[in-house]
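Encoded as structure tokens, the structure appears first; notes follow it.
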Amino acid sequence: MALPKNKISKSKTNSRFANWKLSAPGLIECPQCHELIKSHTVCPKCGYYKGKEVVAQKTEK
């Protein structure tokens with residue numbers, strides 16, 4: 001059974017996790033309604049993707 005020869009310090013242990021960072025998602029502006037959306041997705045506000053309407057929006061009465 002493998003055992004460590006020496007104790008690993010707290011700073012050595014914590015430094016392994018020091019570079020685990022989250023990156024901000026790539027947001028672009030929708031050309032139709034100018035809302036910020038994730039790239040390569042249908043705009044949830046207007047329903048357009050690459051200049052074409054993909055999802056018809058519900059009209060409120």
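Counting lysine pairs in the chain that sit 8 or more residues apart in sequence, or on different chains, and whose Cα atoms lie under 22 Å apart gives 9.
Put simply, the amide H of Glu35, placed in the peptide plane, has neighbours under 5 Å in Cys30, leaving out anything fewer than 5 places away on its chain. Rounded to the nearest whole Hz, the Karplus-based 3J(HN,Hα) values (6.51 cos²θ - 1.76 cosθ + 1.60, θ = phi - 60°) of region 25-32 follow the sequence x, x, 9, 10, 8, 5, x, 8, with x at glycine and proline. Listed values for region 44-55 are Karplus-derived 3J(HN,Hα) couplings in whole Hz (6.51 cos²θ - 1.76 cosθ + 1.60, θ = phi - 60°), namely x, 7, 10, x, 9, 9, 6, x, 10, 6, 9, 10, and x replaces Gly and Pro. Protein heavy-atom surface of the chain, 1.4 angstrom probe: 57% of the accessible area is carbon and sulfur, with nucleic acids and ligands not counted. Mean separation of Cα pairs under 8 Å and 6 or more residues apart, divided by the residue count, gives the chain a relative contact order of 16 percent. Taking amide hydrogens as placed 1.01 Å from N in the peptide plane, the amide H of Tyr48 sits under 5 Å from those of Cys43, Val54, each at least 5 positions away in sequence or on another chain. Packing here is the average count of other Cβ atoms within 10 Å per residue, and on that basis the peptides 14-22, 39-47, highest first, run 39-47, 14-22.
Think of a 1.4 Å ball rolled over the protein heavy atoms: the chain then has 103 Å² of accessible area per residue.
The values are calculated or read from the model by the stated rules, or taken from the named source; none is laboratory data. Because the structure is predicted, anything quoted here is derived from the model rather than measured. All Cβ positions, glycine included, derive from the backbone under ideal geometry; neighbour counts span all protein chains shown. Ligands, DNA and RNA are excluded from the accessible area calculation, which covers all protein heavy atoms including side chains. Shrake-Rupley method; radii C 1.70, N 1.55, O 1.52, S 1.80 Å.
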